[in-house]
Amino acid sequence: MNANLLLQYGFFFAVLFLLAWPLGLYMARIYRGDLPAFVAWLRPLENFCYRLAGVRHGDDMGWRRYAGAVLAFSLLGVLAVYALQRLQLWLPFNPQAMANTTPDLAFNTAVSFVTNTNWQAYGGETTMSYLTQMLGLAVQNFLSAATGMAVVVALMRGFQRKEAGGIGNFWIDLVRSTLYVLLPLSLILALALVGQGVVQSVAPYASVPLTQAVDYEQPKVGADGQPVLDAAGKPVLEAATAREQTLALGPAASQIAIKHLGTNGGGFFNANSSHPYENPTPVSNLLQMLAIVLIPAALCFTFGRWVGDLRQGLAILAAMTAILVALLAVEVWAEQAGNPLFERLGLATQGSELMAGGNMEGKEARFGISATSLFVTVTTAVSCGAVNAMHDSLTPLGGLVPMWLMQLGEVVFGGVGSGLYGMLVFAIVGVFVAGLMIGRTPEYLGKKIEAYEMKMAAVAILATPLAVLLGTALSLMLEAGAAGVFNPGAHGFSEVLYAFSSAANNNGSAFAGLGANTPYYNTALGLAMLFGRFTIIAAVLAIAGSLAAKKRIPPSAGTLPTHTPLFVVLLIGTVIVVGALTFLPSLALGPVVEHLQMVGVR
Amino acid sequence: MKTTSQSLYDRALLQEAAWESVKRLSPRYQVKNPVMFVVWLGSLLTTGLWLQALAGEGEAPAGFILAITLWLWFTVLFANFAEAVAEGRGKAQAAALKGLKKTVWAKKLREAHAGAPFHTVPSEDLRKGDVVLVQAGDVIPGDGEVVEGVASVDESAITGESAPVIRESGGDFSAVTGGTRVLSDWLVVKITVNPGETFLDRMIGMVEGARRQKTPNEIALTILLVALTLTFLLATATLLPFSIYSVGVAGSGSPVTVTVLVALLVCLIPTTIGGLLSAIGVAGMGRMMEKNVIATSGKAVEAAGDVDVLLLDKTGTITLGNRQAAAFAPAAGVSEKELAEAALLASLADETPEGRSIVTLAKERLHQRGRDIHADGASFVHFTAQTRMSGIDWQGRSIRKGAADAVKAHILALGGEWSAAVQQAVDDIARRGATPLAVAESSAGAARVLGVVELKDIVKGGIKERFAELRRMGIKTVMITGDNSLTAAAIAAEAGVDDFLAEATPEAKLKLIRQHQQDGRLVAMTGDGTNDAPALAQADVAVAMNSGTQAAKEAGNMVDLDSNPTKLIEIVETGKQMLMTRGALTTFSIANDVAKYFAIIPAAFAATYPALGVLNVMGLATPASAILSAVIFNALVIVALIPLALKGVAYRPQGAAAILRRNLLVYGVGGLVVPFAGIKAIDLMLVGLHLA
């Protein structure tokens, strides 16, 4: 640990909390309809939306209706994005004449963006038209994020209300999230990013001559579009010479802003935030990392304000931060330690006066180990999935950290809305066991936690391990699944495990090295995303409805305080224990064994 | 009845439980407990694998599979055993109660009055509505209501309290319980229940666990345990394809066997709490029994732990049921000394606490402390239910003391005068919440009232500390009294209760309970009178005194055989203990899994990935011994924790955070550490015995 590292990380967290605090309190007002003066002028626009959609103020939805609205709205989103991709060749704003995508890819991508996963089985600049990017993907970047925020607001109402029948109105929560939070913040961030050099253009791709022609070999492609294989089954190579370079352009800055703020993570370009046009400078890198955690952190403040005790939100925030910092330390340690096998080959990889050292494979030199490690940890702790380095190239333990952060259920900050509601489910489980231990029917924030809440919490917590473990097991057993594994061995196992962890938990980042754009993986991962997202949402809304209907018990000396360090420890313990007990065996067979082999344990 | 606590390891009880635990291996029984049912299925599966191995086609050596299989069956048996022991203890308590049910001969009356002719019938033949005569020395043949007469009744068989109680027709003391004995006078009792439905019968049925239903928290906990079980089922089941894949790519070893996976699964799922869960519930009701409290349902016991507000009757709970003499108020023309002397004489033979307190006070006022007072040749007049006065006839004087209205009637009957000043003194004392006791003298045909003795409430010793304890537990205490608010406030302050309800009517009580419940609080109360019944029915935890009326007992969800209202505090503690025991064992069970992973994962994959051997931090001898040690530990820990499940986790009245910190440390951290030591010890033993 050197001073520079601590300074960078300290600065990051300081700025984060300084921004999240006022934003959280602002959101607490927004969702109550109590608009501060500087956004009050938008109210007519908000009301116009309601008039347009026939939404009435004060139309309070029960949890089933609320969940129905979420599902219907999301289904509509999936259909729209699917249609856009399948028809993009004949639609405007397609200067590169991108072909219509295959049905399985269109399904996977539509589901991916609607579930706030943004798993990308495609390369943006070689697959999607500008219209698909802007009207399909960018729009879903906003709406899927707003959906998550609406759901957590509904859950907060569950805690806040007393003997109430409803948990709010989905359409109103959706519009407010978009109009007052996501849009203004994206606008500010997009401008800042443009200032740093992120491209924003609808012009065709630019072509520039190379100063020096490059000769290379490439696989020969047959008439069917598949590589031609020789008798030994190896691809036939043909010589080629590159004289000019195509520079992919597009309306990137506007999409990237919401990609981070909405914890979407779907890159405009295939290389995501390691692409110099998407993330050109250390400053843009810092802005993007901050944007990833900003709203999830701010929602903790919103929560605290809504339940009438800011400390309740701070306790959740503390638990999230503690897990993040601990795993960040592991990440940066693993990456800085590098790969000892290189040392044995006589290659210096250790840091010294002259070089930073560490594992630089797959990383951008302009970010280095520390900024990359922070990005890796943040983007997987938060269910964002944007990457500024190739996760497949991380050291085994460096890869274990992001994988496990996702497997914890994306509750360490997590996706906008989804992270907090996921964490509150863990809080309910933790409080249940703790409540029994103090000899009372467990209660959280004055709400009794009974069989129904436990049932729904169990459903929410079981959903993603089910999808991850079954999906991985199935893929390894099926021909179609095993075929996509390019690196058979413990690492190949990690790649499949990572893919399903990412999809089911709606993160979207990928260990590359897995041929995932196949009908099998597109379908399987798509289903995992749907299952992970909506099972939890339904369970959370059921909890919200049940809590809202309950009385609120005034706290006494016999009540378990839920704003203390003890509770923070309890919450961390619950998250870690559930995550560890579920995934320890599979992690042992993947990254752990890979690490042990790397360091030479026999 | 008083000695219901028994040794945890009564020999006969354990033998019975051992046999019972084998009988409970039937699937119909096992399916009720999802966690243990998974173990049961796993045992069946490995038994099949063992038979297959015997046939020579085993996935692993038959001896190894057999060892695992046996210990898996032991795991199921141990859980059955825990439950059977808990239930056996309950049955033993019930048997003690059954001893009270002896056939007695009842004098069945033809008509419902004392003078009517009767014939004797066995008590089993009595039906609801029959009327019987019970005279001094008779045992009351069944539960009923007194319709005529006043008598003192020995209820020690039920309550353990040796002092006899007065039972009379009408009012709050009209209920009698079968099996108790009339000591003096006679009663005409109308039987209110049929044979087999008496209070005792229902109590016995309850304790025998025949109708035990899962409590709400037990259901919620079961859901959590099922979720954990499913999680581990998922984690272990997917290990098979993972292992097949890993063997394929590593090119060494062989896939993990189903036996090992079943062993891993059983070790991971929360068998410790799963196996002990119902034993904890049964034992919770049993512990109430030991305190001489019959809970009508486990739900009531559990709710007791949640209580936020305690409503306590002032008299008998907060203050001594017996008031004590505090002052003399002489009538006009009578000196205090004169009054004190008369009161002293009248109370000489009065052995009630009130009477003795008058003697003490009088001696103090007369400066005769410690000196024996003799009244030779006196004849004492004892208290009767009819006269409501007692006193002495001595040297031509006849002194009487008693309730003001009784003495007033006595004086007026003798032609004496009841002055307005005396009435004023009586009223003043009554208004202060104290009891006025008039003293009168008659000699040579002239009767006069000497004055009034003030009997005051005395707050029970140590009660203030109990209330402070309750406050630390987060429970608010409310004193209920018929006194006016001035008196109530004074006593409330002295006793240290948080709040009081003065001039309480049944309606006011009911309203207070509803108001607290509306705010989301759980309310507990005690009561004995018929007019308490609505409030008892409304309260979440309602403890009826056994001495109370049938209506009160029906309305409550617990009955205190000792009729000790302070018992409510212990009831709350027992309820909390039951929940704490469940929580602590759940934590312990889950924390155990960490060590089990470290034992089994390296063992299961030793052949495929030898590098994983570094995870064998316990240094277990061989893969087989490691897996077996974990399974054996998992089974034995259930047995080891049976005493804790039955006795309950120690409860100390502390704030919630302090209790949680302590239990997390003991059962959470303890649960992490203990299995490392335990599994290692078992492994060493297996190696030492050359079993692995």
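The values are calculated or read from the model by the stated rules, or taken from the named source; none is laboratory data. The model shown is predicted, which means the values in this text are computed figures rather than measured ones. Every residue, glycine as well, gets a Cβ built from its backbone with ideal geometry; the counts of neighbours run over all protein chains shown. SASA here: full protein model, heavy atoms, side chains in, ligands and nucleic acids out. Shrake-Rupley method; radii C 1.70, N 1.55, O 1.52, S 1.80 Å.
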Legend entry - Stokes-Einstein D in µm²/s, Kirkwood radius over Cα pairs - segment B:372-491 at 20 °C with 1.002 mPa s viscosity: 126
Legend entry - Two-site FRET efficiency, B:Ile219 against B:His113, from Cβ-Cβ distance with R₀ of 45 Å, rounded to 0.05: 0.30
Legend entry - Residue-wise HN-Hα coupling along segment A:66-72, computed from phi with Karplus coefficients 6.51, -1.76, 1.60 (Hz; x: Gly, Pro): 4, 5, x, 5, 4, 5, 4
Inset, instruction - Specify whether the C-alpha gyration tensor of segment A:484-575 places it in the rounded, prolate or oblate class, a ≥ b ≥ c being the square roots of the eigenvalues: rounded for a/c under 1.5, otherwise prolate if a/b is larger than b/c and oblate if not. - result: oblate
Legend entry - Nonlocal amide H pairs with B:Arg323, under 5 Å, H built at 1.01 Å: none
Inset, instruction - Note down the nm distance, to one decimal, between modelled labels 7 Å out along Cα→Cβ at A:Val325 and at A:Ala83. - result: 5.0
Legend entry - 0 to 90° range, to nearest 10: angle between helix B:353-365 axis and chain B longest Cα axis: 60
Inset, instruction - Anything losing 40 Å² or more of accessible area from the isolated chain to the full protein assembly: pick those residues out of segment B:212-231, probe 1.4 Å, ligands and DNA/RNA ignored. - result: B:Asn217, B:Ala220, B:Ile223, B:Leu224, B:Thr231
Inset, instruction - Determine how large the accessible area of B:Ile632 is when every protein chain is in place; take a 1.4 Å probe and give Å² rounded to the nearest 10. - result: 10
Inset, instruction - Please determine, in degrees from 0 to 90 and to the nearest 10, the orientation of helix A:368-381 with respect to the longest principal axis defined by the Cα atoms of chain A, where the helix direction is its Cα long axis. - result: 50
Inset, instruction - Report A:Phe342's accessible area, 1.4 Å probe, all protein chains in place, as a number in Å² to the nearest 10. - result: 80
Legend entry - Intensity falloff of chain A expressed as log10 I(q)/I(0), Debye formula with alpha-carbon point scatterers, at q = 0.07, 0.09, 0.10, 0.12 Å⁻¹: -0.41, -0.69, -0.85, -1.24
Legend entry - At least 10 Å² of accessible area lost relative to the chain alone, listed for segment B:600-614 with a 1.4 Å probe: B:Ile601, B:Phe605, B:Tyr609, B:Pro610, B:Ala611, B:Leu612, B:Val614
Legend entry - Integer Hz, Karplus 6.51/-1.76/1.60 couplings in order for segment A:436-449, x for Gly and Pro: 4, 5, 9, x, 9, 4, x, 9, 10, 6, x, 10, 5, 9
Inset, instruction - Round to the nearest 0.05 the FRET efficiency obtained for B:Ala12 and B:Glu59 when R0 = 35 Å and r is the Cβ-Cβ distance. - result: 0.20
Legend entry - Rounded to the nearest 20 debye, dipole of segment A:206-247 from Cβ charges on Lys, Arg, Asp, Glu: 40
Inset, instruction - Rounded, prolate or oblate: pick one for segment B:507-584, where a ≥ b ≥ c are the square roots of the eigenvalues of its C-alpha gyration tensor, a/c under 1.5 means rounded, and failing that, prolate if a/b is larger than b/c, else oblate. - result: oblate
Legend entry - Charge-dipole axis of the protein assembly as shown as Lys and Arg at +1 and Asp and Glu at -1 on Cβ define it, positive-most pick from A:Ile369, A:Leu570, A:Val283: A:Leu570
Inset, instruction - Would you list which aspartates and glutamates come within 18 Å of A:Lys455, measuring only between C-alpha atoms, while excluding same-chain residues fewer than 8 positions from it? - result: A:Glu443, B:Glu218
Inset, instruction - Taking chain A as the reference, fit the longest principal axis to its C-alpha atoms, fit the long axis of helix A:451-477 to the helix C-alpha atoms, and give the angle between the two in degrees, 0 to 90, nearest 10. - result: 10
Inset, instruction - Give me the accessible area of B:Asp540, 1.4 Å probe, in Å² rounded to the nearest 10. - result: 50
Inset, instruction - Have a look at segment A:420-442 and report residues whose accessible surface goes down by 50 Å² or more when the remaining protein chains are included, against the chain on its own, probe 1.4 Å, ligands and DNA/RNA excluded. - result: A:Phe432, A:Val433, A:Leu436, A:Met437, A:Ile438, A:Gly439, A:Arg440, A:Thr441
Legend entry - Loss of accessible area when A meets B, both sides summed, Å² nearest 100, probe 1.4 Å: 4900
Inset, instruction - Please work out whether segment B:454-510 counts as rounded, prolate or oblate from its C-alpha gyration tensor, where a ≥ b ≥ c are the square roots of the eigenvalues and a/c under 1.5 means rounded, while otherwise a/b larger than b/c means prolate and anything else oblate? - result: oblate
Inset, instruction - First compute the accessible area of segment A:206-247 with a 1.4 Å probe, then give the percent of it belonging to carbon and sulfur atoms. - result: 53
Inset, instruction - Quick one: grab Rg to one decimal and Dmax as a whole number for segment A:178-262, Cα atoms only, in Å. - result: 20.6, 62
Legend entry - Per residue convex hull volume, Cα atoms of the protein assembly as shown, in Å³: 239
Legend entry - Taking the convex hull of Cα positions in segment A:123-270, its mean projected area over all directions (nm²): 14.6
Legend entry - Solvent exposure of the protein assembly as shown as accessible area per residue, Å², 1.4 Å probe: 38
Legend entry - Other-chain or far-sequence residues with amide H under 5 Å of B:Ile480's (modelled H): B:Leu312, B:Asp313, B:Lys314, B:Leu501
